[in-house]
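Chemist: The structure under discussion is supplied below as structure tokens; questions concerning it will follow.
The values are calculated or read from the model by the stated rules, or taken from the named source; none is laboratory data. Note that the structure is predicted; figures quoted are calculated from it, not measured. Reconstructed Cβ throughout: ideal geometry from the backbone, glycine too, with neighbour counts over all protein chains shown.
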Amino acid sequence: GDRDGDEDGAAGTTAAEDLSGSDDASGVGGAGAEVGTGGGGSVVASAGAGKDGVSTASGWENLASLVRNGISGGWLVEPTEVVEGDVLGSGCSGVTMAGKWRGQLVAVKKVNVSGASRAASFVREVQVLSRLRHPHVLPFYGACLQPPGRCWILTHLCRGGNLKEWLHAGPTPPLARRLTAAWEVARGMRYLEEATPTVMHRDLKPSNVFLTSRGPHARALVADFGLARWLPHSDEVLTGETGTYLYMAPEVIRHDPHYTGLADSYSFGVMLNELVSAAVPYAHDYLTPLQVAFAVADGSLRPAVACAGKFPGLAAVVVSCFHHSPGERPTFGRIVDSLDAMLPEILAAGG
């Protein structure tokens, strides 16, 4: 994501969006030495590597252990195993291509790791994705861990594009489909929240959610974990302004050093409201993303709640997610329970 707005994503993963999520996090400089696997699965490093076979360049400190995890987990990918296909999307973070790996169609995200922060983001994304398994989280198949030129993430190839494109680039999908997508995203986020340790996504928005197909039975998958991290210990400081301004929680905008996964609940509230209204947040406020951020941070602005009249239960969920105090927002456990209670009846009535 980026702080100034959205770019369109590519099918499968969001290579068209900056993994760093903000100018502050993008980093500059070289990625360091080559690290790969040699015969027998041993770690191989070129000149510039440290004593453990890992590049001494900042951002690659955890690479050797990640390579070992990939070998033991069976997901470490050699570049020669990948047959490249069409380009699906590109941006400053890299390029995403269709491809084949061991006979399976996949999306191949070739990540630009040209700075320390991008390198750390890539490593973190692989660390997180390799541990996730859920019907509404983008399936991870493997990764190539050979910096600087071969840092690839292989995932399920989603033919339905992303939720932003689906919602705004063509005819407005039926409300029932939009609500089902929101329900599925909430389930995927509940899984992340209840994982051990908890995973904070930190850039939840429609362009980071993918649809498995273009058909009526497509599933929504939470994707792009380049900004994700495990919930830290209480004394750890988190990066502020991480994510995209239009969906960013006020405490993240304010650089609160100890925000929690409840920042994702705020982002989900913005997305749920967008799915109900089929309108881009703040589209009628004529504000820049930076102006939106300042107003959200001081509590004077939220998206106009779209469904208060027809669906008061949904409106209550949205409003609770918008609460200025994180502790007053619902967890995804509570959000899913609320949606479970009300959506079957709404969907049965045709939305």
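Chemist: Does any residue of segment 291-312 turn out to be closer than 22 Å to Leu163 by Cα, surrounded by 21 or more Cβ atoms within 10 Å (Cβ to Cβ) and charged (D, E, K, R)?
Modeler: Looking through segment 291-312, at least one residue is closer than 22 Å to Leu163 by Cα, surrounded by 21 or more Cβ atoms within 10 Å (Cβ to Cβ) and charged (D, E, K, R).
Chemist: Let me ask you something else. With the condition kept exactly as written, say whether any residue in segment 248-255 is of a type in the set (Gly, Ala, Ser), more than 19 Å from Arg202 (Cα to Cα) and touching a helix residue (DSSP H, G or I) at 6+ places or on another chain (Cβ under 7 Å).
Modeler: The answer is no, given that none of the residues of segment 248-255 is of a type in the set (Gly, Ala, Ser), more than 19 Å from Arg202 (Cα to Cα) and touching a helix residue (DSSP H, G or I) at 6+ places or on another chain (Cβ under 7 Å).
Chemist: On to the next question. With Val123, Val128 as the choices, which residue is touching a residue at least 60 places away in the same chain (Cβ under 8 Å), within 19 Å of Val185 (Cα to Cα) and either part of a helix (DSSP H, G or I) or of a type in the set (S, T, N, Q) (or both)?
Modeler: Step by step, each of Val123, Val128 is checked, and only Val128 is touching a residue at least 60 places away in the same chain (Cβ under 8 Å), within 19 Å of Val185 (Cα to Cα) and either part of a helix (DSSP H, G or I) or of a type in the set (S, T, N, Q) (or both).
Chemist: Filtering segment 293-310 down to residues that are of a type in the set (A, V, I, L, M) and out of contact with any helix residue (DSSP H, G or I) (no Cβ under 6 Å at 6 or more places or on another chain), which residue is modelled with the highest pLDDT?
Modeler: Ranking the candidates gives Ala295 first.
Chemist: One residue is enough: does segment 165-179 have a residue meeting the conditions buried (at least 24 other Cβ atoms within 10 Å of the Cβ), of a type outside the set (Phe, Trp, Tyr) and not in a loop (DSSP other than H, G, I, E, B)?
Modeler: no
Chemist: Among the residues that make up segment 137-152, is at least one of them aliphatic (A, V, I, L, M), touching a helix residue (DSSP H, G or I) at 6+ places or on another chain (Cβ under 8 Å), outside the structural domain of Leu275 (by TED's automatic domain parsing) and assigned to a loop (DSSP other than H, G, I, E, B)?
Modeler: Yes, there is a match, as at least one residue in segment 137-152 is aliphatic (A, V, I, L, M), touching a helix residue (DSSP H, G or I) at 6+ places or on another chain (Cβ under 8 Å), outside the structural domain of Leu275 (by TED's automatic domain parsing) and assigned to a loop (DSSP other than H, G, I, E, B).
Chemist: Looking at segment 209-237, which of its residues are closer than 19 Å to Thr196 by Cα, at pLDDT below 90 and of a type in the set (A, V, I, L, M, F, W, C)?
Modeler: The answer is Leu227, Trp230, Leu231.
Chemist: In segment 48-65, what residues are surrounded by 15 or more Cβ atoms within 10 Å (Cβ to Cβ) and either among the charged types (D, E, K, R) or at pLDDT 95 or above (or both)?
Modeler: Glu61
Chemist: Next up: Among the numbered criteria (1) surrounded by fewer than 24 Cβ atoms within 10 Å (Cβ to Cβ); (2) under 17 Å from Gly215 (Cβ atoms); (3) in contact with a Phe, Trp or Tyr (Cβ under 7 Å, 6 or more places away or on another chain), which one does Arg190 miss?
Modeler: (2)
Chemist: While we're here: If we keep just the residues of segment 93-115 that are in contact with a helix residue (DSSP H, G or I) (Cβ under 8 Å, 6 or more places away or on another chain) and outside any strand (DSSP E or B), which is nearest to Ser207 (Cα to Cα)?
Modeler: Ser93
Chemist: Take Ser72 and decide whether it is free of Cβ contacts under 8 Å to residues at least 40 places away in the same chain and either surrounded by fewer than 20 Cβ atoms within 10 Å (Cβ to Cβ) or in a strand (DSSP E or B) (or both).
Modeler: Yes: the conditions hold for Ser72.
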